[in-house]
């Protein structure tokens, strides 16, 4: 059974803590979509001000995409620098039995894939009010986290 999180301030408050899905980080490198790139960069900048976070899974997914699937893949040293300067400082969620348990519960209850459920479980574990993602249903609420597509 999922652990219920504390009540949170309003979803639209600029002080709400937020979680960034992998696609947000990927868009920060996308030169083909300048408006999405700027939104993504702003969200990452705000995360570094203490308002946002990511999980180990986001780091793994991003590094895989960045070093293998970008139009110009990041070189190893560039990926390492991005890890140290951008990703790791905002990483708050690491593997645990409880995280996996909650992800499985979310998967069963809301019928998400396991990996999407793990992202949602990570947002809940880090006590975020907002999960920024382009891949999940905009405005859907899962317990105390609201999914928001920042590009709409």
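Annotations
- Taking 134, 108, 97 and counting other C-beta atoms within 10 Å, the order from fewest to most: 97, 108, 134
- Rounded tilt (10° steps) of 34-46 against the dominant C-alpha axis of the chain: 60
- Volume of the convex hull of region 18-148 (Cα atoms only), normalised per residue: 102 Å³.
- Part-to-part distance (alpha-carbon centres) for region 42-84 and region 102-152, which is given in Å: 20
- Under 17 Å from a label point set 7 Å out along the Cα-to-Cβ vector of residue 88, the amide N atoms of region 48-62 belong to 48, 54-62.
- Antiparallel DSSP beta bridges within the chain, percent to nearest 5: 15
- Compared with the dominant Cα axis of the chain, that is its longest principal axis, helix 114-125 is turned about 70°.
- Ranking of 53, 128 by neighbouring Cβ atoms within 10 Å, starting from the fewest: 53, 128.
- Relative contact order %, the chain, counting alpha carbon pairs below 8 Å whose residues are six or more apart: 30
- Cβ crowding within 10 Å ranks 96, 28 as 96, 28, fewest other Cβ atoms first.
Throughout, read-outs are computed from the coordinates displayed, never taken from laboratory work. Just so we're clear, the structure is a prediction, and the values are computed from it rather than from any experiment. We place every Cβ from the backbone using ideal geometry, glycine too, and count neighbours over all the protein chains shown.
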